[in-house]
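First comes the structure, then the notes that go with it.
Taken together, the values in this text are just the output of simple stated rules run on the coordinates, not laboratory data. No experiment lies behind these values; they were computed from the predicted model shown. With ideal geometry, Cβ positions are generated from the backbone for all residues, glycine too; neighbour counts draw on all protein chains shown.
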């Protein structure tokens, strides 16, 4: 074999050892992108049945207490700072929506419908038999990783909160402070 042929063979061998095939690189990049962009939030929270039941029971108890005009859990953020938290008004908004008053619900908090759907979903997931529950959790995790639905809803709720504080702070605070 000539010197040029030996050098070319050596370079080809070295370059294939140091560089992974295109398929492997693309798959690795796709896997990294899917895990770095959105991490599952809801699937993580409800991954244990006890956590899902506790979360659902607390949420239902708060909305039920509000619906029955009983004292619920006061907002610790509002009590300590005097500023409503992103969830302030949600209990009353959920109650209004459950009573069929969508306009009043929207006036109190725009995220009442997604929150009620979330409560229903968590409760249903907690009550599912183990095999169905496992499938449901896997589907939720896939959905969250692909779309970031929970992350995007939380970000939207935060932006909504900031907008309410910036553009109508007195109305927002009085709405929350005087049920």
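Here are the numbers:
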item	result
Fraction of alpha-carbon pairs over 16 Å apart in the range 112-179 - percent	64
Residues residue 132 and residue 65, FRET efficiency given R0 of 35 Å [Cβ-Cβ distance, rounded to 0.05]	0.70
Cβ-based exposure ranking for 80, 47, in which fewest neighbours within 10 Å come first	80, 47
Mean Cβ neighbour count within 10 Å, used as a protection proxy, ranking 107-117, 55-65 highest first	107-117, 55-65
Estimated FRET transfer efficiency (residue 78, residue 143; beta-carbon r; R0 35 Å; 0.05)	0.60
Linear extension gain, residue 160 paired with residue 85, 0.36 nm per residue minus alpha-carbon span	25.9 nm
Label-point separation in nm, residue 152 to residue 53, each point 7 Å along Cα→Cβ	3.4
